[in-house]
């Protein structure tokens, strides 16, 4: 919450203010862009092994501070402590990964067009990268951008969400060993983000957030003719075939849908269950949802904490209310929890229709709208029916069905029998309206690099295809 040039950071479990921090001014952004240039120049003097050692030390520092960082994230973001502790270790693993692969990803040698020549493709940094990250995984999604951007040789100006700046600030303090100016953090809301994207000292932007804001970022980057990497959320489908253990599938579905109170870009938000197991799946989901503990996210036994703010909870309430008004049925949940904070009970709906907002717009809350389908064909058709394509989940024991889903579902990631498991070595990103570009893997490193072709001929001599043309062989005519 912005107030007279300062941000109030609230605890979503209580609604109380934790801290007030200063919004970064235009003058300080100018200074950060100038400092980044020097950091960039200094960083280019580090050998690959030196950079790797810095990255591994950062990883160790993050792991050593995991309890402290998880405590900060829990207080400012509301995600349960155990999930935040996991997030810190995943972020540390990302720095370890990029510390190593950056050592052997500097380019390649294509075949030359003449025997005596040498052709090289050199991978070079873009320059200064603005990384704009959301509140739901403030360290992990920062790490997915910052680690490969730095590994590629760039300087970074990082803007965390105004909802969750405190853990990011602490992470930056722990990242010792980097040249001064190489990594800087600025604070504020959309106005600060816009200043960053439009700043002449910024050479690239990497953004994770909503489609609406992503379009604005993309337009601003296009106007400046700088690259933009955009991850814009999803409306992920979850398909349950009739050959699975329903109890396991229901527990996996509920966990994936309610992780971080459903505030995950890859949270499944549409469930398509084959007719033969639909009733059993609904009942198993209800039982599992009702067994979960909603409450204080600092309590190590809590399963589901609050949503990040009142606005997010109100959006979930609107989606559920519209579905019920238009004929859906409430199986469980559908109401607030507690007398303070932004809690919402995990909710199971049946009887939903494709036209309902809960089935076509990103809900971003702990809601499972379940649809009974007659076949896998129908499930895949419905899965592809929205303009998002970030991820998709499938439960089946049938290998042929796995292959069909892998080939036919339009999504950047398809998880089969293991929902929401990310891999630093594999690319992450969306198809269709879920974004442009990829994070993680070698693709994630190359996103922050430019390719330079170098063509070398050691012989200084006239070429037979030069001028003059058409004057006979004796005058040097090119032979066709």
Obtain the nm distance between the two label points defined at residue 293 and residue 248 by a simple spin-label model: each point lies 7 Å from its Cα along the Cα-to-C-beta direction. 2.7
Highest mean packing first, using Cβ neighbours within 10 angstrom, the peptides 440-451, 371-382, 414-425 sort as 440-451, 371-382, 414-425
Find the relative contact order for segment 236-416 and round it to a whole percent, using C-alpha pairs within less than 8 Å whose residues are 6+ positions apart. 29
With the contact rule set at Cα under 8 Å and sequence spacing of 6 or more, what percent relative contact order holds for the chain? 17
Estimated distance in nm for a label pair at residue 421 and residue 455, the labels positioned 7 Å out from Cα along Cα-to-Cβ: 4.7
Rounded to two decimal places and with Rh computed the Kirkwood way over Cα pairs, what is Rg over Rh for segment 373-427? 0.96
Among DSSP beta bridges whose residues both lie in the chain, state the antiparallel percentage, nearest 5. 40
By count of other Cβ within 10 Å, fewest leading, how are 18, 113 ordered? 113, 18
Tell me the Kirkwood radius of segment 236-416: reciprocal of the mean inverse pair distance over distinct alpha-carbon atoms, in Å. 16.2
Descending principal axes extents, segment 381-461, alpha-carbon based, whole Å: 65, 27, 23
Applying 1/(1 + (r/R0)^6) with R0 = 56 Å to the Cβ-Cβ distance of residue 27 and residue 406, what FRET efficiency is obtained, to the nearest 0.05? 0.65
Would you mind putting 322-331, 147-156 in packing order, based on average other-beta-carbon counts within 10 Å, highest first? 147-156, 322-331
Check: C-alpha center segment 129-167 vs C-alpha center segment 410-454, spacing in Å is 16
Note down, for segment 44-117, the three equivalent ellipsoid semi-axes (square root of 5 times each alpha carbon gyration tensor eigenvalue), biggest first, whole angstrom. 40, 14, 8
Return the percentage of antiparallel bridges among DSSP beta bridges fully within segment 236-416, rounded to the nearest 5 %. 15
Using per-residue counts of other Cβ atoms within 10 Å, averaged over each peptide, order 55-63, 400-408, 208-216 from highest down. 55-63, 208-216, 400-408
Please work out how much length the chain gains when fully extended from residue 283 to residue 16, using 0.36 nm per residue of separation minus the C-alpha to C-alpha distance, in nm with one decimal. 92.4 nm
Only Cα pairs under 8 Å and at least 6 apart count here; give the relative contact order of segment 46-133 as a rounded whole percent. 28
Calculate the all-directions average of the projected area of segment 154-223's alpha-carbon convex hull, and give it in nm². 5.0
Taking the Cα centroid of segment 11-78 and of segment 231-268, what is the distance between the two, rounded to the nearest whole Å? 31
When the Debye formula is applied to the Cα atoms of the chain, each taken as the same point scatterer, what base-10 log of I(q)/I(0) results at q = 0.07, 0.11, 0.13 Å⁻¹? -0.42, -0.91, -1.20
85, 455, 319 arranged by Cβ crowding within 10 Å, fewest neighbours leading: 455, 85, 319
Suppose each label sits 7 Å from its Cα in the direction of the beta carbon; what would the residue 381-residue 111 distance come out to in nanometres? 4.7
Per the helix-only model, the chain has a calculated mean residue ellipticity at 222 nm (DSSP H runs of ≥4, -39500 (n - 2.57) each, divided over all residues, rounded to the nearest 500) of -12000 deg cm²/dmol
Residues 465, 144 in order from fewest to most other beta-carbon atoms within 10 Å are 465, 144
FRET efficiency for residue 357 and residue 122, using Cβ-Cβ distance with R0 set to 45 Å, rounded to 0.05: 0.40
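Each reported figure results from applying straightforward, stated rules to the coordinates on display, with no laboratory input. Given the structure is predicted, the values throughout are model-derived calculations rather than measurements. As a convention, Cβ positions derive from the backbone with ideal geometry for all residues, glycine included, and neighbour counts pool all protein chains shown.
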